[in-house]
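The values are calculated or read from the model by the stated rules, or taken from the named source; none is laboratory data. All of these numbers come straight from a predicted model, not from anything done at the bench. Cβ coordinates were reconstructed from backbone atoms using ideal geometry, including for glycine residues, and neighbour counts include every protein chain displayed. Surface areas here come from the heavy atoms of the whole protein model, side chains and all, with no ligands, DNA or RNA. Shrake-Rupley method; radii C 1.70, N 1.55, O 1.52, S 1.80 Å.
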Amino acid sequence: MKQLLYITTNLQGSGGVARILSVKLNYLIEKYHYKIAVINSNQDNDDFFFDFDSRIIFYAVKSKSISTYKTQIRSCIKKVNPDIIINCDNGLKGSLIPYLIKNKIPLIYERHCSRNISVATILEKVKMIISNLFLRINSDSYNYFVILNEEEKNDWNIKNIKVLPNPLWFSPQKPGNVGNTKIAVAVGRHSCEKRYDKLINIWQLVIKQHPDWILKIYGAKDENLSLEKIVLDKKLESNIKFYNPVKDISKIFSEASMLLSTSESESFGLVLIEAMAFGKPVVAFDGTSGTKTIIENGKNGFLVKENDIDAFVEKVNLLIGDVKLRGLMGENAKKGIETYDLNKIMKRWDTLFKSLN
């Protein structure tokens with residue numbers, strides 16, 4: 001029975017990374033009987049939004065000092081004595097892991113975001129540049145450098161890269177409606193890369209023709225972005241509603257007619273395949289590798305040229321005005337997610353781990 005040690009951060013959150021790690025780690029324990037420990041940095045409390053198997057051992061590490069962080073990491077590794085270490089920390093400290101641990105334990109890097117993720121401040125931009133530099137320099141320290149889609153290969157251009165997409169963690173659902181509700185949804189935390197400010201502007205134009213439609217936005221809020229204030233200032237509160245994140249996504253997608261994504265930095269987009277599994281078409285900008293590798297333009301949704309607000313509005317209005325088109329695209333969406341079958345993808349992870357014997 002192999003012992004795995006995952007290194008990650010902010011695992012208490014409600015975002016896609018926390019969701020998918022809960023699914024994958026639970027599966028590896030239940031189906032393949034791995035032993036798993038997790039080093040979770042920046043842990044603020046003991047409560048997890050998603051459900052993790054009780055057999056997982058968690059180590060909370062919180063330190064702004066690289067020196068202290070190194071000491072804590074090494075101490076955890078000594079306690080766990082893992083057969084394989086998987087680094088899922090996409091931040092600056094995560095990029096330093098090969099330098100910090102310096103041992104011969106097989107090491108995998110698991111990337112959960114685009115190489116050039118959008119950030120809010122100059123400081124964050126500098127950190128991202130430095131982090132990417134360290135990752136490229138020490139990429140040979142990893143047995144495998146795992147990314148989420150084929151297009152990202154060109155961004156990294158390293159030898160030991162491997163593509164393993166995130167899995168769909170539930171079976172495709174029969175939609176609760178055939179796209180007849182007057183509701184569109186967006187799902188994801190309030191952050192600069194999601195560009196909900198653009199989405200608000202888009203919806204303001206959409207309701208000029210369709211004033212009885214509502215946009216529901218689900219996700220952890222960030223008061224610094226003042227999104228709810230923007231909606232109030234534009235007098236759109238009757239047509240745009242904000243909701244906290246929910247674990248039960250059937251509540252979100254069973255009542256929706258489509259998913260809208262204005263994200264400008266997405267290496268996968270778990271919410272895309274979740275919506276498609278419920279038979280919902282997606283409208284998204286084409287500027288991210290995640291949307292381009294999942295959405296087939298005109299078949300299971302629409303890809304709009306990045307920043308073309310008018311074209312985005314046009315596609316949304318087209319779907320609103322044509323129930324049959326929504327239904328057809330929704331059916332195509334459900335057929336197109338076989339690639340992300342949970343059992344098949346987790347089998348590939350098991351094979352990957354076994355190759356490091």
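Between LEU225 and GLN209, the contour length at 0.36 nm per residue exceeds the alpha carbon distance by 3.0 nm. The solvent-accessible area of HIS190, taken with every protein chain present and a 1.4 Å probe, is close to 10 Å². With N counted as the residues of the chain, its alpha-carbon radius of gyration over 2.2 N^0.38 Å works out to 1.01. Peptides 159-168, 74-83 ordered by packing proxy, namely the average of other Cβ atoms within 10 Å per residue, highest first: 159-168, 74-83.
Taking a ≥ b ≥ c as the square roots of the eigenvalues of the alpha carbon gyration tensor, the range 8-161 is rounded, as a/c is under 1.5. Summarised as an ellipsoid, the range 158-256 has semi-axes of 27, 21, 13 Å, derived from the eigenvalues of the Cα gyration tensor scaled by 5 and square-rooted, with the largest first.
Residue pairs exceeding 26 angstrom between C-alpha atoms, taken from LYS182/LYS247; LYS198/LYS229; LYS159/LYS335: LYS159/LYS335. Based on DSSP H segments of at least four residues, each scored -39500 (n - 2.57), the chain has a per-residue ellipticity at 222 nm of -11500 deg cm²/dmol.
According to the calculation over all Cα-Cα pairs in the range 68-108, the P(r) per 10 Å bin from zero is 27, 66, 7 %.
Between the C-alpha center of the range 214-260 and that of the range 29-107 there is a gap of 33 Å.
Computed extension gain for LYS153 through SER171, at 0.36 nm per residue and net of the alpha carbon distance, reaches 3.6 nm.
With a/c under 1.5 counting as rounded, go ahead and sort the range 186-226 into rounded, prolate or oblate using the C-alpha gyration tensor (a ≥ b ≥ c being the square roots of the eigenvalues; past the cut-off, prolate if a/b is larger than b/c, else oblate). Prolate shape, in that a/c is at least 1.5 and a/b is the bigger ratio.
Based on Cα contacts under 8 Å between residues 6+ apart, the range 78-136 shows a relative contact order of 42 percent. At q = 0.18, 0.23, 0.24 Å⁻¹, what is the base-10 log of I(q)/I(0) for the range 73-177 according to the Debye formula with one equal point scatterer per Cα and no solvent? Please give it to two decimals. Summing over Cα pairs of the range 73-177 leads to -0.91, -1.28, -1.35. Around ASP341, what is the net charge, scoring Lys/Arg as +1 and Asp/Glu as -1 over all other residues with Cβ under 15 Å from its Cβ? Residues close to ASP341 contribute a combined charge of +4.
Once you sort the root eigenvalues of the Cα gyration tensor of the range 164-323 as a ≥ b ≥ c, which label holds: rounded (a/c under 1.5), prolate (a/b larger than b/c) or oblate (the other case)? Cα axes put the range 164-323 in the rounded bin. Taking 17 Å as the straight-line reach from the Cα of LYS280, the aspartates and glutamates in range (excluding those fewer than 8 positions away in the same chain) are ASP248, GLU255, GLU296, ASP322, GLU331, GLU338. Rounded to the nearest 10 square angstrom, LEU232 shows an accessible area of 100 square angstrom against a 1.4 Å probe.
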